[in-house]
Amino acid sequence: MKILMVCLGNICRSPLAEGILRKHLELLHLPYSIDSAGTINYHSGSAPDSRAIHVAADNGIDISRLASRQVSKSDFEKFDYIFAMDRNNYKDLISLSSREQHKRIHLYLDFAGLGQKDVPDPYYGNRENFEEVFELLDRASLQVSAKLLKNKNL
Ligand code: 4NP
């Protein structure tokens with residue numbers, strides 16, 4: 001199974017989501033592969049934002065070697081679960097994909113059972129906003145990893 005995390009720039013939320021969900025999946029010994037991408041190409045090739053790297057490192061997760069890339073059409077064939085960080089990302093993903101690929105695309109917090117809410121964009125925020133995003137993604141990823149474990153055992 002393959003999972004793709006998607007936000008706008010692929011330097012703040014989706015690299016954090018990738019690193020955090022990877023940790024939860026490893027704890028459950030679930031053999032999923034996980035990647036992340038952005039809907040824009042503006043930061044392509046860049047490492048995650050230093051504030052995202054630091055908040056992850058403070059929590060024992062290394063995302064420093066990830067590199068931003070833009071979502072491509074082939075991602076909709078390759079990935080089983082494509083998780084959008086916010087409703088704009090979701091809309092963009094729906095418009096880039098074919099009708100039969102839509103079922104692979106989910107709003108991340110909704111899939112986690114936390115409501116049809118966005119992961120707030122911390123890019124123009126401060127360190128505290130990155131910590132809030134980390135906590136939210138950690139809570140969601142715990143739920144999502146439990147859900148994926150349950151689906152696997154069905
Ligand atoms: P992300 O945050 O989508 O969580 O990676 C942003 C990164 C870059 C920009 C906006 C949001 N930007 O406008 O360049």
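Residue by residue through region 19-34, which ³J(HN,Hα) values in whole Hz follow from phi under the Karplus form 6.51 cos²θ - 1.76 cosθ + 1.60 (θ = phi - 60°), with glycine and proline marked x?
x, 6, 5, 4, 4, 5, 5, 5, 4, 9, 6, 8, x, 8, 9, 9
Measure off, as a whole percent, the carbon and sulfur share of the 1.4 Å-probe accessible area of the chain, all protein chains present.
50 percent
Remind me, relative contact order of the chain in percent, using alpha carbon pairs under 8 angstrom and six or more residues apart?
The normalised contact order for the chain reaches 27 percent.
Pick out, in residue order, every one of the chymotrypsin sites (Phe, Trp or Tyr not before Pro) in region 93-141 that is DSSP loop and has at most 11 other C-beta atoms within 10 Å; say none if there are none.
Qualifying residues, ordered by number: Y124.
Once a ≥ b ≥ c are taken as the square roots of the eigenvalues of the Cα gyration tensor of region 21-91, is the result rounded (a/c under 1.5), prolate (a/b larger than b/c) or oblate (a/b not larger than b/c)?
Because a/c hits 1.5 or more and a/b fails to exceed b/c, region 21-91 counts as oblate.
Using the heavy atoms of the protein chains alone and a 1.4 angstrom probe, what is the accessible area of the chain per residue in square angstrom? Before the final figure, lay out each step's value.
Details: 7950 Å² over 154 residues.
The answer is 52 Å² per residue.
Given the DSSP H assignment, sum -39500 (n - 2.57) over each helix run of at least 4 residues in the chain and divide by its residue total; what's the result at 222 nm in deg cm²/dmol, nearest 500?
Mean residue ellipticity at 222 nm (helix-derived): -13500 deg cm²/dmol.
Once amide H atoms are placed 1.01 Å from N in the peptide plane, what residues at a sequence separation of 5 or more from I105, or on another chain, have their amide H within under 5 Å of its amide H?
Amide H to amide H, under 5 Å and 5 or more residues apart or across chains, I105 pairs with I82.
How big is the charge dipole of region 6-154 about its Cα centre, in debye rounded to the nearest 20, if each Lys and Arg gets +1 on its Cβ and each Asp and Glu gets -1 on its Cβ?
Computed charge dipole of region 6-154: roughly 480 debye.
Put +1 on the Cβ of each Lys and Arg and -1 on the Cβ of each Asp and Glu in the chain; which of G60, P31, G19 then has its Cα farthest toward the positive end of the dipole?
So the residue we want is P31.
Hey, how many Å between the Cα centroid of region 106-154 and the Cα centroid of region 82-100?
16 Å
By per-residue mean of other Cβ atoms within 10 Å, what is the highest-first order of 141-149, 29-37, 99-107?
Order by mean packing, descending: 141-149, 29-37, 99-107.
In a GNM of the chain with a 10 Å cut-off on Cα contacts, which of G125, G19, G38 has the highest mean-square fluctuation?
G125
Between rounded, prolate and oblate, where does region 32-154 land on the alpha carbon gyration tensor, with a ≥ b ≥ c its root eigenvalues, rounded for a/c under 1.5, else prolate if a/b exceeds b/c?
Here region 32-154 falls in the oblate category.
Hand me the trypsin sites (Lys or Arg not before Pro) from region 1-71 located in a DSSP loop with no more than 10 other Cβ atoms within 10 Å, in residue order please. Working shown, then result.
Numbers: sites: K2, R13, R22, K23, R51, R65, R69; in loops: R65, R69.
Those satisfying the criteria are R65.
The values are calculated or read from the model by the stated rules, or taken from the named source; none is laboratory data. Just so you know, these numbers come straight off a predicted model, no measurement behind them. No Cβ is skipped: glycine too gets one built from the backbone with ideal geometry, and neighbour counts run over all protein chains shown. Areas reflect the complete protein model, heavy atoms only, side chains present, ligands, DNA and RNA absent. Shrake-Rupley method; radii C 1.70, N 1.55, O 1.52, S 1.80 Å.
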